[in-house]
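**Q** Starting off with a structure, shown below.
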């Protein structure tokens, strides 16, 4: 019963405000004969404010009252987070969850954030987590940071806290992040500082990241910069990454290729083919195909068909086969059989062979033997697999 009453009261305030304005304008204003200039200025002011700004502000105020009251009503209604999450109607559930989060006090953020793990729908869970995280970081950043320090799976709170601090004072945020004693939390805090710097100047962010050194058990800080940069300017990020000597799946070129392929795989593939260095080009093409085939295997396969026989096609096939091997081992091995370079084909067979044997330990050895992998190498791969399982 509170909600209709609050809305009626808010509407009454708006109507009363407008009525009072009109009443004051036409009934209480001085006569034009006595104060013609004063009346002209008064009417001009009312025309420019009361008819637009005041009305809009009054309406916004009423809406704000309604929203806040709805949030408080949602909380005071006694509905727990569990009860909200059990609501079957998706729209009602999302609205109730939003209002519930808006009404939370800082002391309640931690339990609520943990409770969000109960949401089975990943999109709803991510959205609710982002809303609550943003609210916590803005209202109680120290509390969020303290919670992250004691709960390693919530390190991302430190990322958000220090990104906001860097926006206010980059140098102070950097000093604060470097003073954090824990390896994992300090790493997360520095990522937050670098996220802000990457938006402003990616090259400067890269230089800063390189000066901060490596962190035990963590990927290089530069990798996150390359991924972020590739989301807005993949060409520039790719050109910079191509100059970095690091190799392997953690290399900068791999970060750019994977991120770009997730947004525009055709453009990413064409860029990869244009890289002058042969080894870098091969890694890039392979990574693009690996990412592309996860989402659109048919489109990725059709693109491979358009390539001429040679090293580039072999690289594309290697990436494609590695991606689909866990889902369709036979198709993956069939593609490997179309590779033109025998040495590269054998390397790809060994790499994909590990996946095939893990996916189908009973039939995998026969599949690999049919594909052309020697028996001694199949046995070696099997022994390694058994060793990991023990």
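The values are calculated or read from the model by the stated rules, or taken from the named source; none is laboratory data. The shown structure was predicted, so the numbers you read here are calculated from the model rather than taken from an experiment. In this analysis, Cβ positions are derived from the backbone assuming ideal geometry, glycine residues included, and neighbour counts consider all displayed protein chains.
**Q** Any chance the stretch 354-370 includes a residue that's under 16 Å from residue 289 (Cα atoms) and in a helix (DSSP H, G or I)? Write out each step before concluding.
**A** So in the stretch 354-370, the residues under 16 Å from residue 289 (Cα atoms) come out as none.
No, that holds for no residue.
**Q** In addition: Take residue 195 and tell me if it is closer than 26 Å to residue 150 by Cα and under 15 Å from the mean Cα position of the chain (by Cα).
**A** Details: closer than 26 Å to residue 150 by Cα: yes; under 15 Å from the mean Cα position of the chain (by Cα): yes.
For residue 195, the condition - closer than 26 Å to residue 150 by Cα and under 15 Å from the mean Cα position of the chain (by Cα) - is met.
**Q** Further, regarding this structure: Under 26 Å from residue 223 (Cβ atoms), in a helix (DSSP H, G or I), in contact with a helix residue (DSSP H, G or I) (Cβ under 9 Å, 6 or more places away or on another chain) and free of Cβ contacts under 8 Å to residues at least 40 places away in the same chain: does that describe residue 96?
**A** On the way: under 26 Å from residue 223 (Cβ atoms): no; in a helix (DSSP H, G or I): yes; in contact with a helix residue (DSSP H, G or I) (Cβ under 9 Å, 6 or more places away or on another chain): yes; free of Cβ contacts under 8 Å to residues at least 40 places away in the same chain: yes.
Against the criterion (under 26 Å from residue 223 (Cβ atoms), in a helix (DSSP H, G or I), in contact with a helix residue (DSSP H, G or I) (Cβ under 9 Å, 6 or more places away or on another chain) and free of Cβ contacts under 8 Å to residues at least 40 places away in the same chain), residue 96 does not qualify.
**Q** Residue 201 is checked against (1) within 19 Å of the chain's Cα centre (by Cα); (2) closer than 30 Å to residue 271 by Cα and fails just one. What number does that condition carry?
**A** Here residue 201 meets the rest and fails (1).
**Q** Going by what's in this entry, would residue 321 be described as touching a helix residue (DSSP H, G or I) at 6+ places or on another chain (Cβ under 8 Å), within 18 Å of residue 282 (Cβ to Cβ) and surrounded by 16 or more Cβ atoms within 10 Å (Cβ to Cβ)?
**A** Criteria met by residue 321.
**Q** Another question about this same structure. (1) surrounded by fewer than 23 Cβ atoms within 10 Å (Cβ to Cβ); (2) farther than 19 Å from residue 254 by Cβ; (3) in contact (Cβ under 8 Å) with a residue 24 or more places away in the chain: which one isn't true of residue 339, the others all being true?
**A** Here residue 339 meets the rest and fails (1).
**Q** Let me ask another. Considering only residues that are under 15 Å from residue 97 (Cα atoms), at pLDDT 90 or above and more than 19 Å from the chain's Cα centre (by Cα), which ones fall in the stretch 113-152?
**A** Once the filter is applied, which keeps residues that are under 15 Å from residue 97 (Cα atoms), at pLDDT 90 or above and more than 19 Å from the chain's Cα centre (by Cα), the stretch 113-152 yields only 114.
**Q** Which one is surrounded by the fewest Cβ atoms within 10 Å (Cβ to Cβ) among residues in the stretch 171-183 that are in contact with a helix residue (DSSP H, G or I) (Cβ under 6 Å, 6 or more places away or on another chain) and part of a helix (DSSP H, G or I)? Lay out the reasoning, then the answer.
**A** So in the stretch 171-183, the residues in contact with a helix residue (DSSP H, G or I) (Cβ under 6 Å, 6 or more places away or on another chain) come out as 173-174, 177, 180.
Checking the rest, the ones that are also part of a helix (DSSP H, G or I) come to 173-174, 177.
Numbers: 173: 23, 174: 20, 177: 24.
Among those residues, the one meeting the criterion is 174.
**Q** Scan the stretch 288-308 and tell me whether some residue there is surrounded by fewer than 17 Cβ atoms within 10 Å (Cβ to Cβ), at pLDDT below 90, in contact with a helix residue (DSSP H, G or I) (Cβ under 8 Å, 6 or more places away or on another chain) and in a helix (DSSP H, G or I).
**A** yes
**Q** When you scan the stretch 206-248, how many residues do you find that are free of Cβ contacts under 8 Å to residues at least 12 places away in the same chain and within 17 Å of residue 290 (Cβ to Cβ)?
**A** The qualifying residues number 1.
**Q** Next question. Within the stretch 102-130, which residues are surrounded by fewer than 17 Cβ atoms within 10 Å (Cβ to Cβ), touching a helix residue (DSSP H, G or I) at 6+ places or on another chain (Cβ under 9 Å) and closer than 22 Å to residue 168 by Cβ?
**A** 106
**Q** Here is a list: 359, 383, 345, 294. Which entry is out of contact with any strand residue (DSSP E or B) (no Cβ under 7 Å at 6 or more places or on another chain) and within 22 Å of residue 251 (Cβ to Cβ)? Before the answer, list the steps.
**A** Details: 359 fails: within 22 Å of residue 251 (Cβ to Cβ); 383 fails: within 22 Å of residue 251 (Cβ to Cβ); 345 fails: within 22 Å of residue 251 (Cβ to Cβ).
Testing whether each residue is out of contact with any strand residue (DSSP E or B) (no Cβ under 7 Å at 6 or more places or on another chain) and within 22 Å of residue 251 (Cβ to Cβ) leaves just 294.
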